[in-house]
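One structure below.
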Amino acid sequence: MGRSLTSLLSNQNNCEYIDYKEFITSAVDINSKNAAIIDFSQASGLEEVLLNNYQLPLISGTTNLEKSHMELANNYALTAPIMLASNFSYGVQRLSFAIRAYVLKNSDIKECNITEVHHTEKKDAPSGTAKSLASEISALIPDLEINFLSLRKHNVFGLHSVSFLTADKEVIFHHQAFNRDIFAEGAIAAALWLKEQENGLYGFENYFQNKL
């Protein structure tokens with residue numbers, strides 16, 4: 001993600017990328033109104049940022065978070081705006097909206113199957129996006145059976161397929177990312193939006209709905 005963020009930010013007017021390690025080891029003076037932290041790391045990396053409480057707008061796409069991380073995020077949100085999201089792709093947001101619309105209009109769904117495929121370096125399974133989609137579906141149909149299939153293959157940046165079974169058909173929703181730029185693009189846009197917001201905890205859907 002670092003390469004995608006650096007490349008895209010180099011094409012943004014009035015934007016500069018500073019690596020986190022450089023940020024914490026130097027005496028860089030950053031005005032909170034003109035800076036934001038973008039985190040795509042592991043839970044331990046996000047925890048370090050939250051504990052330091054830089055009072056800067058914070059965007060994080062780190063997944064597999066525990067209750068303790070959410071408590072830290074809520075505390076961070078008291079002094080700065082923070083956005084946590086399992087996916088910063090516009091396409092996945094549209095996928096989520098489409099799934100919600102379908103589920104609300106179809107009461108005969110018997111089963112849901114979610115397949116996610118990612119590169120072999122991805123550690124958590126199911127993916128954070130798969131869990132988020134399942135949570136959204138469960139909120140609409142609490143007793144629905146939801147099954148997960150997680151696969152790890154080389155050079156797959158993210159594939160999510162959600163199928164719904166009824167007595168007489170199967171309906172499938174599908175999204176695949178071909179590179180990491182789509183996640184970096186969404187994160188940068190969300191960061192620019194977030195730094196203008198009040199302190200609090202946000203999701204990517206808050207930005208996306210405002211964008212529509």
> How big is the antiparallel share of DSSP beta bridges in segment 90-176, given as a percent to the nearest 5?
Replying inline: 65 percent
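Which of the pairs Lys110/Lys211; Lys169/Lys211; Lys21/Lys195; Lys21/Lys131; Lys21/Lys211; Lys21/Lys67 have their Cα atoms more than 28 Å apart in this structure?
Listed pairs above 28 Å: Lys110/Lys211; Lys169/Lys211; Lys21/Lys131; Lys21/Lys211.
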>> Please list, in order along segment 82-96, the HN-Hα scalar couplings obtained from phi with the Karplus expression 6.51 cos²θ - 1.76 cosθ + 1.60 (θ = phi - 60°), rounded to whole Hz, x for Gly and Pro.
In response: 9, 10, 10, 8, 7, 7, 10, 8, 4, x, 5, 5, 5, 4, 4
> With each pseudo-label sitting 7 Å past Cα toward Cβ, what's the Gln197-Glu71 distance in nm, one decimal?
Replying inline: 2.4 nm
> Which translational diffusion coefficient, to the nearest whole µm²/s, is obtained for segment 90-176 from the Stokes-Einstein equation, given a Kirkwood hydrodynamic radius over C-alpha pairs, 20 °C and 1.002 mPa s?
Replying inline: 162 µm²/s
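How big is the antiparallel share of DSSP beta bridges in the chain, given as a percent to the nearest 5?
Antiparallel: roughly 45 percent of the beta bridges in the chain.
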> In a shell of Cβ-Cβ distance under 15 Å around Glu121, excluding Glu121 itself, what net charge do Lys and Arg (+1) and Asp and Glu (-1) give?
Replying inline: +4
> How high is the relative contact order of the chain, in percent, with contacts defined as C-alpha pairs under 8 Å that are six or more residues apart?
Replying inline: 27 percent
> Sequence-distant or interchain residues sharing an amide H contact under 5 Å with Leu149, placed H: which?
Replying inline: Ile114, Thr115, Glu116
> Amide H to amide H under 5 Å from Ile37: which residues, 5+ apart in sequence or cross-chain, H placed 1.01 Å off N in plane?
Replying inline: Leu58, Ile59
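What dipole magnitude, in Debye to the nearest 20, does segment 51-128 give about its Cα centre under +1 on Lys/Arg Cβ and -1 on Asp/Glu Cβ?
220 debye
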> If the label point is 7 Å along Cα→Cβ of Asn106, which residues in segment 158-193 have backbone nitrogen under 20 Å from it?
Replying inline: 160-176
> Taking other Cβ within 10 Å of each residue's Cβ, how do Asp39, Asp168 sort, fewest first?
Replying inline: Asp168, Asp39
>> Given contacts defined as C-alpha pairs under 8 Å and at least six residues apart, what's the relative contact order of segment 90-176, whole-number percent?
In response: 40 percent
> What is the extension gain from Asp168 to Asp143, computed as 0.36 nm multiplied by their sequence separation minus the C-alpha to C-alpha distance, in nm to one decimal?
Replying inline: 7.0 nm
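So if we plug the beta-carbon distance of Leu51 and Glu16 into 1/(1 + (r/R0)^6) with R0 = 25 Å, what FRET efficiency do we get, rounded to 0.05?
0.50
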> Which listed residue (Cys112, Leu133, Asn147) has the Cα farthest towards the positive end of the charge dipole for segment 90-176, taking +1 on Lys and Arg C-beta and -1 on Asp and Glu C-beta about the Cα centre?
Replying inline: Leu133
>> Nearest 500 deg cm²/dmol is fine: what mean residue ellipticity at 222 nm does the chain get from its DSSP H runs of n ≥ 4 alone, each adding -39,500 (n - 2.57), divided by its residue count?
In response: -12000 deg cm²/dmol
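Select from segment 168-212 those GluC sites (Glu not before Pro) which occupy a DSSP coil region and have at most 15 other Cβ atoms within 10 Å, ordered by residue number.
Glu196, Glu198
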>> I'd like to know how segment 71-128 sits against the 2.2 N^0.38 Å rule of thumb: what's its Cα Rg over that expected value?
In response: 1.56
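Bear in mind that the values in this text are calculations on the coordinates, not laboratory data. Bear in mind the structure is a predicted one, so any value in this text is a computation, not a measurement. Neighbour counts run over all protein chains shown; Cβ positions are idealised from the backbone, glycine included.
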